[in-house]
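Visitor: After the structure tokens below, expect a handful of questions from me.
A short reminder: the numbers here are calculations on the coordinates, not readings from a lab. Note that the coordinates shown come from a computational prediction; the quantities given were computed from them, not determined experimentally. Heads up, the Cβs are rebuilt from the backbone with ideal geometry, glycines too, and the neighbour counts pull from every protein chain shown.
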């Protein structure tokens, strides 16, 4: 009986003269069966909740959220992605419906619906669930202003999910990672995420203005730690859109490492057309083109996050 690896190898033999259909078949085999060919990572003892935020737009925040999440799922982890951006780009990339009327983060934050009622499975990746964002979320900041304990709504929703917690409390079916994709602003939605998370991942673009605005974000994090969530830790900084051909990219990466040390992942994410194309097909690059440099770098970044473990 031929394994998926045998089939992928056979298809790859004809890579030079492969038709687009043959290449698509190769990618499908790798995406569907790649996880089985890779050794699974050990699971964390309890759910790790990551906030992915940077109020500077265009740094690869949503792209990094969905691809790291998909990579971890392919490495044997159970993942929940919470889309907190009214644009719903993470929902698009993960292939879940997010038009008006779909149960979403709005229902959980504003209406108080349990997360179990608003979760959709990602059709392309096993063990990956999504709480989609709809356009209704755009009005949530105004609606939450008069609500008591408005900054703790998301934290309460996540803590109330039966699959979030330690191995002893939530069992084998627990989520290993929860990723919260924030909007590119420091409003009430992002504040809810900062209160809900224990760890923070900040994607930083390898360009001249990379550190611009980061100071303001870190000041906000310090205020949240002091008054609302002392557990919050900036555990992961990911350098994105890295172009190894330029001195500028290397210089920015070195400067970021000099400032933040071990918080910065060794893996950098290259500029990649395939990574940019994937969401237009309702996929992450992990399923759209699993053999591309972007997908392999996100896989390595996910492995690094998992092996580094949660901060103590």
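Visitor: Which one, 135, 180, 82, has the greatest fluctuation when you compute a Gaussian network model over the chain with C-alpha springs under 10 angstrom?
Guide: Per the Cα network of the chain with a 10 Å cutoff, 135 tops the list.
Visitor: Same structure, new question: Could you grab the relative contact order for segment 187-312? Cα pairs under 8 Å, six or more apart, rounded to a whole percent.
Guide: Taking the mean separation of contacting Cα pairs over the length of segment 187-312, I get 23 percent.
Visitor: Starting from the exponent 0.38 and prefactor 2.2 Å, build the expected Rg for segment 142-301 from its residue count and divide its actual Cα Rg by it.
Guide: Segment 142-301 yields a ratio of 1.18.
Visitor: Rg and Dmax of the chain over Cα atoms: what are they, in angstrom?
Guide: Rg and Dmax of the chain, Cα atoms, are 19.2, 63 Å.
Visitor: Let me ask you something else. So what does the Cα-only Debye profile of segment 227-312 read at q = 0.12, 0.20 Å⁻¹, as log10 I(q)/I(0), no solvent term?
Guide: -0.45, -0.99
Visitor: Want the number for residue 111 to residue 159: 0.36 nm per residue separation, take away the alpha-carbon distance, what's left?
Guide: Gain on stretching residue 111 to residue 159: 15.6 nm.
Visitor: Taking the Cβ of each residue in 147, 234 as the centre, tally the other Cβ atoms inside 10 Å and list the residues starting with the fewest.
Guide: 147, 234
Visitor: Rank these for me by crowding, 61, 308, 56, going from fewest to most other beta carbons within 10 Å.
Guide: 308, 56, 61
Visitor: Compute a Gaussian network model of the chain, connecting alpha carbons closer than 10 Å, and tell me which residue from 90, 250, 133 fluctuates the most.
Guide: 250
Visitor: Considering every pair of different Cα atoms, what Kirkwood radius, in Å, is found for segment 46-189?
Guide: About 15.1 Å for segment 46-189.
Visitor: Obtain the nm distance between the two label points defined at residue 145 and residue 227 by a simple spin-label model: each point lies 7 Å from its Cα along the Cα-to-C-beta direction.
Guide: For residue 145 paired with residue 227, the spin-label model returns 1.7 nm.
Visitor: Would you look at the GNM of the chain, springs on alpha carbons closer than 10 Å, and say which of 286, 223, 241 moves the most?
Guide: Residue with maximal mean-square fluctuation among 286, 223, 241: 223.
Visitor: What is the order of 208, 175, 298, fewest Cβ neighbours within 10 Å to most?
Guide: With the fewest neighbours first, 208, 175, 298 line up as 208, 175, 298.
Visitor: Okay, moving on. If I model a spin label at residue 304 and residue 260 as a point 7 Å from the Cα along the Cα→Cβ vector, what separation in nanometres do I get?
Guide: About 1.1 nm separates the two model spin labels.
Visitor: Below 8 Å, C-alpha to C-alpha, sequence gap of six or more: please give me the relative contact order for segment 213-269 in percent.
Guide: Normalised by residue count, the contact order of segment 213-269 is 38 percent.
Visitor: To continue, here is another question. Pairs of alpha-carbon atoms within less than 8 angstrom and 6+ residues apart define the contacts here; what relative contact order does the chain have, in percent?
Guide: Value for the chain: 24 percent.
Visitor: Mind checking the log10 I(q)/I(0) for segment 135-213 at q = 0.20, 0.23 Å⁻¹? Debye, one equal scatterer per Cα, no solvent, two decimals.
Guide: -0.98, -1.11
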